[in-house]
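For reference, the structure is listed below as structure tokens.
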Amino acid sequence: MGKGMAFAAAVAVVAVAAVAEKPNIIIIYGDDIGYGDFGCYGGTGVDTANIDRLAEGGLRFTGGYCTAATCTPSRYSLLTGEYAFRNKEAHILPGNAPLIIDPARPTIASFLRDNGYRTALAGKWHLGLGLPTQPLDWNGEIKPGPREVGFEYSFHMAATADRVPSVYIRNGRIVDLDPADPVQVDYQKPVGDEPTGVSHPQLLRVQADLQHSGTIINGVSRIGWMSGGHRARFRDEEMADTYLGQALDFIRAGKGQPFFLYYAPNENHVPRVVHERFQGASSLGPRGDALAVFDWCVGRLVEVLKETGQYENTLIVLSSDNGPVLFDGYWEGAIEKQGGHRAAGPWRGGKYSRWEGGTRVPFIVSWPGTVQPGVSGALVSHVDLLATFAALVGAPLPANAGQDGMDLLPALLGRSDAGRDYVIQEALTQLAVRRGDWKYIPPGSVTERGGIDEWIKTEVDEPGLLFNLAEDPGETRDLAALYPEKLQELRAIVADIAPDKLGGEKKLDRKQLGL
Ligand code: NG6
Ligand code: CA
């Protein structure tokens with residue numbers, strides 16, 4: 001337990017009730033940033049002084065989880081408070097996928113908007129745009145999208161930086177679009193006659209795998225094909241400054257109304273093409289340089305909060321959408337240059353993985369004067385943020401709001417070290433569960449990225465794998481045979497929540513499992 005955390009539950013209730021004014025709320029959502037990437041979590045090779053300072057003055061969780069080991073499901077759960085596996089569309093989306101959040105479903109953004117907040121998104125979206133019933137016209141009004149699920153202002157890319165269309169969208173319109181040069185997007189076949197990574201590899205600044213060898217934008221081939229929109233195309237080097245600028249403008253514009261900002265930088269997702277002033281900022285190559293960019297952006301954001309007198313009245317949650325990945329389609333040298341830096345910290349695996357590194361992420365909360373500074377081992381998940389913010393603003397959640405989250409306000413403010421009892425971890429639609437020191441991985445396969453252009457799959461048979469994370473953070477010693485009761489206890493959690501996630505065709509019904 002960290003300094004200053006020995007508070008009785010009764011005290012916590014009184015103290016939380018005493019939070020009178022509605023604070024601003026900022027979620028800073030990193031992309032593919034691992035548990036071990038920041039200095040305050042043991043990272044080396046890149047200076048993350050701004051984030052470390054935020055953690056020092058705030059609360060740093062060691063048991064903080066995103067809900068899934070890839071972006072779309074993780075962001076879906078974050079915003080809705082619903083487990084992503086309940087929504088069959090919540091898998092990694094192409095750049096032309098329809099919106100997967102039902103606009104009738106409350107999100108953190110719509111909930112806070114309805115409770116007096118100004119709301120904005122600046123950064124990555126990747127939750128789809130448009131309707132499932134008709135193809136999206138990129139040259140008209142792009143909707144439904146972030147605005148229809150609660151963001152009054154939105155400035156974002158459609159999906160990821162490695163997926164077309166490589167443009168920004170502001171409030172439902174492509175920014176800087178020339179009507180004489182309309183955008184077309186396709187994920188099945190090339191559109192237009194522009195060079196691709198396959199036809200013109202000599203034009204590439206960074207070599208890519210076949211999946212990332214579609215249309216070349218800014219010297220980098222992407223997933224998918226696009227034509228048109230030349231004036232609107234982004235330059236990767238400026239993306240961080242662009243999103244940050246949007247975030248800062250929004251912060252500065254506030255007048256007497258609290259705000260909610262979902263700030264979702266691209267860093268350090270691939271392609272890692274950082275601004276010239278950050279190239280070589282770390283010893284880790286472009287991946288570390290991108291982390292330095294992220295840290296710098298956090299520093300600027302805090303500075304502007306201070307300049308505008310809002311720092312003390314702003315709750316910041318800083319985290320990541322999934323665990324780290326070194327090679328993710330581009331030959332950027334991340335593996336060769338990692339040295340002693342361990343992006344996932346002590347945990348096994350990373351992005352895509354049911355191993356711990358897939359979903360155990362950095363999780364830092366700042367609210368000067370209100371959050372009790374320290375380090376907390378409480379189990380907290382992004383799925384809880386909607387319910388927790390509802391408690392914070394003192395408003396009931398609508399009946400149809402995310403049913404999977406819980407109010408963890410006392411834990412989030414460092415006034416209690418009681419988090420959730422267990423946490424569900426999703427990777428590629430399969431689940432795992434952690435409770436206390438124990439982790440259970442139901443049958444199926446566990447995926448992780450291996451070395452360069454390599455995937456590693458571990459097939460898991462009945463009854464699944466059981467690990468003690470306190471003694472074996474690397475998940476190397478399966479204790480299933482030694483502790484069958486513990487295994488059944490954790491398995492019962494999954495059986496209750498998602499009986500179909502106990503091993504696909506190998507699944508046994510509950511009676512056969514002895515539950
Ligand atoms: C994968 C891509 C990867 C990345 C990821 C999404 C391949 C082989 N890999 O399918 O490069 O784009 O999708 O990342 O295509 S995420 O952080 O948005 O989930
Ligand atoms: Ca991600």
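A few remarks follow.
- The residue among Pro195, Ala247, Gly224 whose Cα reaches farthest toward the positive pole of the charge dipole of segment 195-322, with charges on the beta-carbon of Lys, Arg, Asp and Glu, is Pro195.
- Values of log10 I(q)/I(0), in the order q = 0.09 Å⁻¹, for segment 71-199 under a Debye, Cα-only, solvent-free model: -0.26
- With Cα atoms defining each centre, segment 120-172 and segment 389-467 are spaced 28 Å apart in the structure.
- Relative contact order, percent, the chain [alpha-carbon distance under 8 Å, six or more residues apart]: 23 percent
- Applying 1/(1 + (r/R0)^6) with r as the Cβ-Cβ distance of Ala253 and Glu462 and R0 = 41 angstrom yields a FRET efficiency of 0.15.
- Of the DSSP H helices in the chain, those with a Cα length along their own long axis of 24 Å or more and a mean Kyte-Doolittle hydropathy reaching -1.0 comprise 236-252, 286-307.
- Dipole magnitude for segment 422-513: computed about the Cα centre from +1 point charges on Lys and Arg Cβ and -1 point charges on Asp and Glu Cβ, it is near 300 debye.
- Between the listed residues Ala492, Leu479, Thr429, the Cα displaced farthest toward the positive end of the dipole of segment 422-513, a dipole computed from Cβ unit charges relative to the Cα centre, is found at Ala492.
- Rounded to the nearest 5, the antiparallel percentage of DSSP beta bridges internal to the chain is 55%.
- Segment 393-458, dipole about Cα centre (Lys/Arg Cβ +1, Asp/Glu Cβ -1), debye to the nearest 20: 120 debye
- Per residue, segment 272-422 exposes 30 Å² of solvent-accessible protein surface, assessed with a 1.4 angstrom probe and all protein chains in place.
- Protein heavy-atom surface of segment 422-513, 1.4 angstrom probe: 51% of the accessible area is carbon and sulfur, with nucleic acids and ligands not counted.
- Value of Rg/Rh across segment 184-303 [Cα atoms, Kirkwood radius]: 1.05
- Cα centroid separation, segment 215-272 to segment 61-86 (Å): 22 Å
- Rolling a 1.4 Å probe across the protein heavy atoms gives segment 112-165 an accessible surface of 30 Å² per residue.
- Spatially near lysine pairs across segment 422-513, Cα under 18 Å, sequence gap of 8 or more or different chains: 6
- Cα-based convex hull volume of segment 422-513 per residue, rounded to whole Å³: 99 Å³
- Cα Rg, Dmax, segment 263-420, angstrom units: 17.8, 50
- Peptides ranked, highest mean first, by Cβ atoms within 10 Å: ranges 175-182, 320-327, 262-269, 57-64: 320-327, 262-269, 57-64, 175-182
- Assuming charge only on the beta carbon of Lys and Arg (+1) and of Asp and Glu (-1), the dipole of the chain about its Cα centre is about 700 debye to the nearest 20.
- Once the convex hull of all Cα atoms in the chain is built, its volume per residue stands at 146 Å³.
- Only helices enter this figure: runs of n ≥ 4 DSSP H residues, each worth -39500 (n - 2.57), summed and divided by the residues of the chain, yield -6000 deg cm²/dmol at 222 nm to the nearest 500.
- Accessible carbon and sulfur surface of segment 284-360 relative to its total accessible area, %, 1.4 Å: 51 percent
The values are calculated or read from the model by the stated rules, or taken from the named source; none is laboratory data. Everything numeric here is computed off the predicted structure, so don't read it as measured data. So basically every Cβ, Gly included, is an ideal-geometry build from the backbone, and we count neighbours across all protein chains shown. SASA here: full protein model, heavy atoms, side chains in, ligands and nucleic acids out. Shrake-Rupley method; radii C 1.70, N 1.55, O 1.52, S 1.80 Å.
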